[in-house]
Amino acid sequence: MVVTFFPGFRWRSQLKLAQIASPEDPFTLEQGGCLTEITVAYETYGTLSAAGDNVILVAHALTGDSHPAAHGPYDEQGWWEPLIGPGRTLDTDRFYVICANVLGGCQGTTGPASPDPATGRAYGMGFPEITVKDMVKVQKRLLEVLRIQHLALVIGGSMGGMQALEWAVSYPGFIDAVVVIAAPGYAAPQAIAYNRVGRQAVMLDPAWQNGNYYGGPGPEKGLAAARALGMITYQSELSMAYKFGRRTRSGQFEVENYLDYQGANIVKRFDANSYLYLLRALDLFDISAGYATYEDALARIDARMLIVGVSSDILYPPHQQEELAATLRRVGIRAELAVINSPHGHDGFLIDFQLLRPILTRFIDAALPAPVTVPIRQWFRFRASSLAYLGARLMPAVELREV
Ligand SMILES: CC(=O)SCCNC(=O)CCNC(=O)[C@H](O)C(C)(C)COP(=O)(O)OP(=O)(O)OC[C@H]1O[C@@H](n2cnc3c(N)ncnc32)[C@H](O)[C@@H]1OP(=O)(O)O
Ligand SMILES: N[C@@H](CCO)C(=O)O
């Protein structure tokens, strides 16, 4: 097995790799074709309980990776840092959090930049078409490798929210609760239209060379333009007015400087072909695919659902989350809806932690009530009293926790 990473890939001290497909056990894709080798890059936080009942799967968005939070004070901060860690919303003193880079990505998991075992060269556009369902199936296989048989929670925003919803529909009985943030039940034409222009920007760059640019500079201008367009859809009129106004610097509007900066950044950290494949997976997302109706698909769910929208999201606007939550309720699923009142647009799920935190905490407390815990120091005090000691022995469900 050869593992190569896209040049922008950053090795993380706690990154783990798992093989979830082989020539003997190939991975069949939803749109056809199969992969005989899949490496999955993932990170974990906290400790798996003996009963295996404390696992949270965090799913990342388009250009995210397996690093939602730092592993310690000297580690690089992650993209959901304020939500994950000891005592935080996804409390790693209690939960075992797993986050994996998606299939088709370029941050350690197999994607178009990975070597095709048949040729030894990068797949490029020879990589099979992938869907959100495939991403989730890869995560399920990863959990099988890790011998995890149950998920307490799946949570994600944007493409991560699509994965969370896909988990709920594809694997009923496997999950207690699911949080879908800033994601729809299916990609609407306007979102597909944005992605179409983004893909064209990459593919019209002469340096794209039909995807065979590995070893050379690649379609840097096209990818930067695609990201600039994407960034516009992740923000809002208000957030742009507030951040940039009509200010200028070096002969350009600040908003132009910003888009240039974000374009230059993506080129450093992301593979253009991965970008094409993941945008296509976003467009193909329709939770009803493979089922008779949208309602039939959603009716399969038996997890408790929380659907969260961002009021100023122009990419997957809140009426799409309202429709999803209403349909879930109509088919008898226990679903809550919350719309955060944020000016930050779609990327509010990466910014508005003070708004997300209480909503998530309330849902997690209700859907996944914590076992009664007795801090260990207190337990030793109890032990002095034979009555309390006896009580503790009579209650095997009481967990002891270090404080
Ligand atoms: C969800 C996942 O799974 S992970 C993917 C998340 N990461 C990304 O999307 C990467 C791109 N980053 C971003 O879009 C944003 O940083 C967010 C959404 C994460 C946070 O948004 P905000 O806090 O509003 O940051 P904002 O958009 O103002 O600034 C982002 C960057 O632009 C820079 N910037 C701001 N204004 C300007 C300007 N006028 N000209 C040039 N650069 C600018 C900032 O310095 C900052 O740089 P840095 O990322 O190197 O620190
Ligand atoms: N800004 C985020 C969310 C996009 O949906 C990303 O780049 O992944």
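Laboratory data are not the source of any read-out in this text; all were calculated from the coordinates shown. Keep in mind the model is a prediction, meaning the values are calculated, not measured. Neighbour counts are summed over all protein chains in view; Cβ atoms, including those assigned to glycine, are modelled from backbone coordinates with ideal geometry.
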Fill in: Size-normalised alpha-carbon gyration radius of region 187-284, reference 2.2 N^0.38 Å
1.14
Worksheet, complete the sentence: Given unit charges at Cβ for Lys, Arg (+) and Asp, Glu (-), the dipole magnitude of the chain about its Cα centre in debye, nearest 20, is 840
Worksheet entry | Proxy reagent accessibility, fewest Cβ within 10 Å first, across Ser49, Ser274 | Ser49, Ser274
Worksheet entry | Taking the chain and dividing mean pair separation by its residue count, relative contact order in percent (alpha carbons under 8 Å, at least six apart) | 15
Practice prompt. Quick one: work out the % antiparallel among DSSP beta bridges in the chain, nearest 5.
Written response: 35
Discussion item. Give me the tail of P(r) for region 185-227 as a percent: Cα-Cα pairs with distance above 14 Å.
Written reply: 49
Worksheet item: In the structure displayed, which of Lys243/Lys268; Lys140/Lys243; Lys221/Lys243; Lys16/Lys268; Lys137/Lys268 lie more than 31 Å apart, Cα to Cα?
Response: Lys140/Lys243
Worksheet item: So how do Asp283, Asp302, Asp365 line up by other beta-carbon neighbours within 10 Å, fewest first?
Response: Asp365, Asp302, Asp283
Worksheet item: With contacts defined as alpha carbon pairs under 8 Å and 6 or more residues apart, what's the relative contact order of region 187-284 in percent?
Response: 35
Worksheet item: Non-local amide H neighbours of Glu336 (under 5 Å, H modeled in plane, Pro and chain starts lacking H): which ones?
Response: Met305, Leu306, Ile307
Worksheet item: How many nm is it between the label spots at Asp176 and Ser250, if each spot is 7 Å from the Cα in line with the beta carbon?
Response: 5.1
Discussion item. Angle check, please: helix 159-170 long axis (alpha carbons) against the longest principal axis of the chain (alpha carbons), in degrees 0 to 90, nearest 10.
Written reply: 60
Fill in: Pair Asp75, Met125: separation of 7 Å Cα→Cβ label points (nm)
3.9
Discussion item. What do you get for the angle between helix 353-367 and the principal long axis of the chain? Use alpha-carbon atoms, 0 to 90 degrees, nearest ten.
Written reply: 50
Item to complete: Could I have the simple spin-label model distance between Ala50 and Met203, label points 7 Å from Cα toward Cβ, reported in nm to one decimal?
Response: 5.6
Worksheet, complete the sentence: In degrees rounded to 10, the 0-90 angle between helix 189-203 Cα long axis and the longest Cα principal axis of the chain is 60
Fill in: Extension reserve of the Glu237-Val331 stretch, reckoned as 0.36 nm per residue once the Cα distance is removed
30.3 nm
Worksheet, complete the sentence: Expressed as a whole-number percentage, the relative contact order of region 250-368 with C-alpha contacts under 8 angstrom and at least six residues apart is 20
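Quick check on the exposure proxy: order Phe174, Phe27 from fewest to most C-beta atoms within 10 angstrom.
Ascending number of Cβ neighbours within 10 Å: Phe174, Phe27.
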